[in-house]
Structure formats: structure tokens, C-alpha cells
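Below is one structure, written out as C-alpha cells, with a few remarks after it.
The numbers here are math on the coordinates, done by the rules we state, and not lab data. None of the values given here were measured: they were computed from a predicted structure. Every residue, glycine among them, receives a Cβ derived from its backbone with ideal geometry; neighbour counts consider all protein chains shown.
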Amino acid sequence: MERFEILEEPTGTFSIFDTFTELPATVEGGACIGLYRHEVPLALLAAIETVQPGNFSLLPSLAALNGWRANEDDRSLSDDLLA
């Protein structure tokens, strides 16, 4: 079982849920809800670091983000990671 799950909301934003607590993941006191696609990778890494510092073996697939585009001007996920 993966610790975190990325869900696409009906609004087109994303949320990261902690599957252990069944609550939204929190990073620096803020809930990981309503994130734009480009914000998800860093928020996910921060959430993982919060529960297990230095261990990224819990990193789930970012498949929920693959192929998602809000419009033609949206950058690809690889562009976001390289930026």
C-alpha cells in the first residue's frame, strides 16, 4: 500500500491524501488540497519528508498527472520538473 494518493478534483486541481489517516496530507501546516498540477511533485516530496525524513522509497506514481492538460499553454510535467 502506498502512503499517499494523488486525486484529481472535479475543479481540475489535485489533492494529496495520506492513506494511513485518510486525511489530506499536510505540509508546513497547510493541507495539500486544491493544488495545481505543477505544485503536486514538490508537495508530495515535502509530505513524504514529513513522515519519513530522507526516505523517498514511499514515492507513489505520479500517473494521476500524466496526460492532464488544462489548456494548450500548459507545460508538461517534465518541463515543470526541469524548471
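Quick look at the values:
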read-out	value
T11 versus I33: modelled label distance in nm, points set 7 Å from Cα along the beta carbon direction	0.9
Under 5 Å, built H, 5+ apart or other chain: amide partners of T19	F4, E5
Taking N as its residue count, the alpha carbon Rg of the stretch 1-55 over 2.2 N^0.38 Å	1.04
The stretch 1-55, dipole about Cα centre (Lys/Arg Cβ +1, Asp/Glu Cβ -1), debye to the nearest 20	80
Cut-off 11 Å between beta-carbons: net charge of the residues surrounding V51, Lys and Arg +1, Asp and Glu -1	-1
